[in-house]
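Each reported figure results from applying straightforward, stated rules to the coordinates on display, with no laboratory input. No experiment lies behind these values; they were computed from the predicted model shown. Here the Cβ positions follow ideal geometry from the backbone for every residue, glycine too, while neighbour counts run over all protein chains shown.
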Amino acid sequence: MTPQDYAYLSKLLNERSGLQLAGDKQYLIESRLLPVARENNCGSIGDLVTKLKAFAEEPLRRRVTEAMTINESFFFRDKTPFDRFQDTVLPYMQKIRGASKRLRIWCAASSTGQEPYSLAMMFKQAGAAFAGWKISIVASDISTEVLEKAKSGLYTQFEVQRGLPIQLLLKYFKQDGDQWRISQELRDMVQYRQHNLLDSFAPLGMFDVIFCRNVLIYFDSKTKQDVLSRISRTLVKDGHLLLGAAETVVGFTNLFAPMPEKRGLYVHAAAKKPQPQLAAMSA
Ligand SMILES: C[S@@+](CC[C@H](N)C(=O)[O-])C[C@H]1O[C@@H](n2cnc3c(N)ncnc32)[C@H](O)[C@@H]1O
């Protein structure tokens, strides 16, 4: 792949997804795009770029963009956000939504489903605490390919060995050939949507909790600011935002405030003088 081809592909990816490729991702891009080139009767990445330039075919552009996304995910990734969800967000929501018994959660950029399914398992594990509640977990990603895998709920032995406690594997998964499939009951708790974070969030509705993890890190500052500011309008006033371990709002927006001593957990800055219940739970 020539530097010109790499520059063309980086620009295409950035325009369509907001993702920025670091200068050293040639090898990754080549390995991702060679199969796409072959599928499209192109002998090389160079031929694929020529085809992209010659024909503005939407399906090919989409396919190439999706193939360049980084989809790394695993169950209970980084553990801390799930601990905060368990020890801070859930008790708070249980109290303030106790009357309506409704909770909407959004996993933005959910990749292959391990994040929303980790949350679904936590609700199941909570047992009676959320019995009778309407819990809605919406999981979205730009890539239709990862969403198909997420919907299937089918994971390899390697994938279920990453972060998933053995007792949860045995309780919620069944062996399917040499893979493991998560139970229908848990799959039914998650609604998958194809959604680009550069597009409007309005069709998704409002959420009590938003997980937006390990995607902002790949955006430039302007895109981070824009996405965070639109997230603030999609999160209810007393909602919670959880970011990835290497991500922060600091320096990008003052619409959110970190919760003291709760790394990765944010509330609306306007709610910084915490409501009594929130203060009690973060103590
Ligand atoms: C590294 S994965 C993170 C998955 C999960 N949130 C986690 O932390 O394990 C990043 C995901 O962001 C998705 N993505 C990248 N750009 C996006 C965009 N503009 N809109 C929606 N999803 C995007 C990718 O397709 C990929 O699946």
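Points to keep in mind about this one:
- Computed from backbone phi, the HN-Hα couplings of region 80-85 come to 3, x, 6, 5, 5, 4 Hz, rounded to whole numbers (Karplus: 6.51 cos²θ - 1.76 cosθ + 1.60, θ = phi - 60°; Gly and Pro given as x).
- Distance between the C-alpha centres of region 55-119 and region 212-263: 14 Å, rounded to the whole angstrom.
- If only the Cβ of Lys and Arg carry +1 and only the Cβ of Asp and Glu carry -1, the dipole of region 3-67 around its Cα centre is close to 80 debye.
- Measuring r between the beta carbons of T144 and M206 and using R0 = 35 Å, the FRET efficiency lands at 0.90.
- Ellipsoid equivalent to the chain - semi-axes via the Cα gyration tensor, in Å: 35, 24, 15
- In order through region 144-153: 3J(HN,Hα) via Karplus (6.51 cos²θ - 1.76 cosθ + 1.60), integer Hz, x for Gly, Pro: 5, 5, 5, 5, 4, 5, 4, 4, 5, x
- Taken along the Cα-to-beta-carbon direction at a fixed 7 Å, the label points for L170 and I217 span 3.3 nm.
- When W180, W133 are sorted by how many other C-beta atoms sit within 10 angstrom of their C-beta, beginning with the fewest, the order is W133, W180.
- Computed from backbone phi with θ = phi - 60° and the Karplus coefficients 6.51, -1.76 and 1.60, the 3J(HN,Hα) list for region 34-39 is 4, x, 5, 4, 4, 3 Hz; x is used for glycine and proline.
- Summed over qualifying helices (DSSP H, 4 residues or more, each -39500 (n - 2.57)) and divided by its residue number, the chain shows a 222 nm mean residue ellipticity of -11500 deg cm²/dmol.
- Taking E261, E159 and counting other C-beta atoms within 10 Å, the order from fewest to most: E261, E159
- Here the residues C212, C107, ranked from fewest to most Cβ neighbours within 10 Å of their Cβ, fall in the order C212, C107.
- Gain on full stretching of the segment that runs from K151 to I96 - 0.36 nm per residue minus C-alpha separation: 16.7 nm
- Selection of GluC sites (Glu not before Pro), region 12-78, meeting DSSP coil and at most 14 other Cβ within 10 Å: E57, E72
- Local electrostatic count at D188 - Lys and Arg +1, Asp and Glu -1, tallied over other residues with Cβ under 14 Å: +4
- For the residue pairs K151/K171; K53/K224; K151/K222; K149/K262; K79/K149; K101/K124, alpha carbon separations beyond 21 Å are given by K53/K224; K151/K222; K149/K262; K79/K149.
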